[in-house]
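Here is the structure we will look at.
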Amino acid sequence: MHPNLSFEQAPPISVPYRFFLTAPWFGIAAGLLLLVQGEVLLASRWAPGTLAMVHLFVAGFMLQAMCGALLQFIPVAAGGNIWRPRWLAAIVHPLLIVAAGLLVAAFLAQRPGFFMAAGHTFAVGLGFFIVVLGLAVWRTPAQGATIVALRIALAALLVTLITGVTLATGLAKGLLLPLPPLADVHAAWGLGGWALILLAGVSYFVVPMFQLTPAYPDWFSRGMPWALLAVVGIWSALFPDFPEPLRSIVLLSGVAVAASYGAVTLHLHARRRRKVSDTSFLFFRLAMLSLLLLLLSALMPLFGDDERITVWLGVLALFGVFFSVINGMLYKIMPFINWLQLQRHYGMQALPPTMNQMLAESQMRAQFRVHLVTLTVLLSAVWLPVLARPGGLLLMLDCGWLALNLLRIVGAYRRFKARVA
Ligand code: HEM
């Protein structure tokens, strides 16, 4: 069902790597913000610092990693022809960094000029990226559930961009927009439509390949993105009133679809051909377990309406699910790209190191342990504010270690090239 891998289509290594190497720095910045501002960031989702921290994650860490992954994945695994990837990356990468920086500054300083500048920069940089990648995935002759998921995810990213820019303009100009409900619609398209559907689509491909599991069942891989899209669509149709109990029912259905992806993936893990649990696999597993916990946690509002419940759901989704899975995938994808490029370059002339030799398992495992502790402390900090600043420090350590490990993977690539030269 999957299109074949076409390695000769791979972009130059600098194209995905510039995004991958930037991503952890946004996580470090998020940790620093939490260290400086402390518990106010975990008390309400609407605090300016909280919105800044959320976007350091979603429009910084996650967006950088996902854009980099798409630039590699679409030509190699989805048969898509991306227009001048080197140019595209050289333009989009700095624009996204500046845009995310401006948006964070806008939240923190509450300056209309920054909101407008962030909106414009995102519209140009991300808009350009979506158009070029959209053309590639729409024109690809390849078919299958992954391609459909990629198409839906990119369309959802466009809706996220449009609603995000509308929100930013509304805040800058003081327009009479229903901001909180619009933010709810924007968040659903960003996390449910873009991030989760992309994650599922890529998983259909990489989980069987890297984790040696059976393929996802056909009915599931085809149905899940559409089901999630339908829930996000119904959620948007409730705008601007979101009447209860409809709001809770639709929210729970969305989380249930998301959790079903976690459950199916864990089921596939149980049927792996080789029971090796490397660190990348453990990160993946943690993300899937977090998805199941998210479903349980989404029942909490039935027992009370504490604002911290939403913050807890946010920490679990952003840090437990998305950060973990991206972290785990980077540990597989980057050594794989290294190996691929070296193999293509030198052929039989010199044998590149194996993927396992690119970065010591002990380095990845140590960072995974820090990550587990960080997740536990951040989740606890929602209810025990005294843990917020230590959580910020741990987040900096976690992301800093990831940054260092990614640089080590690049170092392995450079060392091999230097040796052969
Ligand atoms: C790229 C993916 C993005 C994702 C996944 C995303 C996600 C989110 C989430 C989850 C929230 C709710 C925050 C909370 O409840 O604490 C939010 C709010 C917001 N987002 Fe984004 N966002 C993205 C991009 C953007 C962009 C590009 C802009 C604007 C240029 C933007 C502007 C805003 C604004 C202004 C709010 C807050 C609205 C308010 O104060 O009422 N977002 N976003």
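Kyte-Doolittle cut-off -0.5, length cut-off 18 Å along the helix's own axis using Cα: show which whole DSSP H helices in the chain pass.
Numbers: long enough: 14-37 (35 Å, 1.25); 63-77 (19 Å, 1.58); 85-109 (35 Å, 1.90); 112-139 (39 Å, 1.53); 145-173 (42 Å, 1.81); 197-211 (19 Å, 1.76); 218-237 (29 Å, 0.79); 246-270 (36 Å, 1.33); 279-297 (26 Å, 2.04); 324-346 (34 Å, 0.17); 361-381 (30 Å, 0.50); 388-420 (48 Å, 0.57).
Span-like helices in the chain: 14-37, 63-77, 85-109, 112-139, 145-173, 197-211, 218-237, 246-270, 279-297, 324-346, 361-381, 388-420.
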Extension length gain for H120 and A350 (0.36 nm per residue less Cα distance), in nm, is 78.0 nm
Two pseudo-spin positions, 7 Å from Cα along C-beta at L175 and at L238, lie apart in nanometres by 2.4 nm
Any lysines whose Cα falls less than 22 Å from that of K332, other than same-chain ones fewer than 8 residues away, would be K275, K417
Ordered by fewest other Cβ atoms within 10 Å, a rough proxy for footprinting exposure, T354, T166 read T354, T166
So, with points 7 Å from each Cα along the Cβ direction, the Q343-A256 label distance in nm works out to 4.3 nm
Listed with the fewest Cβ neighbours within 10 Å leading, W401, W189, W219 appear as W219, W401, W189
Most packed first (mean Cβ within 10 Å per residue), the peptides 111-118, 272-279, 67-74, 313-320 order as 67-74, 313-320, 111-118, 272-279
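Can you give the FRET efficiency to the nearest 0.05 for A90 and E39, using r as the Cβ-Cβ distance and R₀ = 41 Å? Let's see the in-between values first.
Working: r = 41 Å, r/R0 = 0.99.
Efficiency, rounded to the nearest 0.05: 0.50.
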Site R415, offset 7 angstrom along Cα→Cβ, radius 16 Å on amide nitrogen, limited to the range 348-373, gives 351-364
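Classify the range 39-185 as rounded, prolate or oblate, taking a ≥ b ≥ c as the square roots of the eigenvalues of its Cα gyration tensor: rounded when a/c is under 1.5, otherwise prolate if a/b is larger than b/c and oblate if not.
Numbers: a/c = 2.14, a/b = 1.95, b/c = 1.10.
Prolate is the answer for the range 39-185, as a/c is 1.5 or above and a/b outweighs b/c.
Bear in mind that the values in this text are calculations on the coordinates, not laboratory data. This structure is a prediction, so every number in the text was calculated from the model and none was measured. Cβ: placed from backbone, ideal geometry, glycine included. Neighbour counts: every protein chain shown.
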